[in-house]
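The values are calculated or read from the model by the stated rules, or taken from the named source; none is laboratory data. Since we're looking at a predicted model, the values are computed, not measured. Glycine also receives a Cβ, built like all others from the backbone with ideal geometry; neighbour counts cover every protein chain displayed.
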Amino acid sequence: MAEGKDVERGRKLLIPPFLTPQQEKKEQRKTERRVKIKASEDVEDGVAKLPPDIHDALDKPAEVEIIAPGGSSHEKKKVFRVVVSDKIPSGEIYVSPNELRALGVAENTVVTVRKK
């Protein structure tokens, strides 16, 4: 074979940058959550009561936007002030019955809550 050449061992291969694996990107915090919406008589108009875990997940906003389903161009959006309450179960938000009617959704409908 190659009698006059010694094989060098232990040298690192030079790998071009386009062949190296991509750096993992930091996981970005989600700016929206999908939750069930419910009506409550003790909530004022223009206010949404959130549980602490959703409030923390959205980076503690002062206002949230609630988007109700209804097809691509028929979504209804409304902005609410945030009130945090420990009494609310995780995965749910409470608004007044009038606001629920204004959004045009029934109770226990899954809506998107977005930081405003």
| Among (1) of a type in the set (Ser, Thr, Tyr); (2) in contact with a strand residue (DSSP E or B) (Cβ under 8 Å, 6 or more places away or on another chain); (3) outside any strand (DSSP E or B), the one test that TYR94 misses | (3)
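For (1) modelled with pLDDT of 85 or more; (2) touching a strand residue (DSSP E or B) at 6+ places or on another chain (Cβ under 7 Å); (3) at positive phi; (4) not in a loop (DSSP other than H, G, I, E, B), each residue gets a yes or a no:
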position: ASP6; (1), (2), (3), (4): no, no, no, no
position: ILE15; (1), (2), (3), (4): no, no, no, no
position: PHE18; (1), (2), (3), (4): no, no, no, yes
position: GLU24; (1), (2), (3), (4): no, no, no, no
position: ARG34; (1), (2), (3), (4): yes, yes, no, yes
position: HIS55; (1), (2), (3), (4): yes, yes, no, yes
position: SER73; (1), (2), (3), (4): no, no, no, no
| remark: Looking across the stretch 97-116 at residues that are part of a strand (DSSP E or B) and either over 16 Å from the mean Cα position of the chain (by Cα) or not β-branched (Val, Ile, Thr) (or both), the single one that is farthest from LYS36 (Cα to Cα) is LYS115
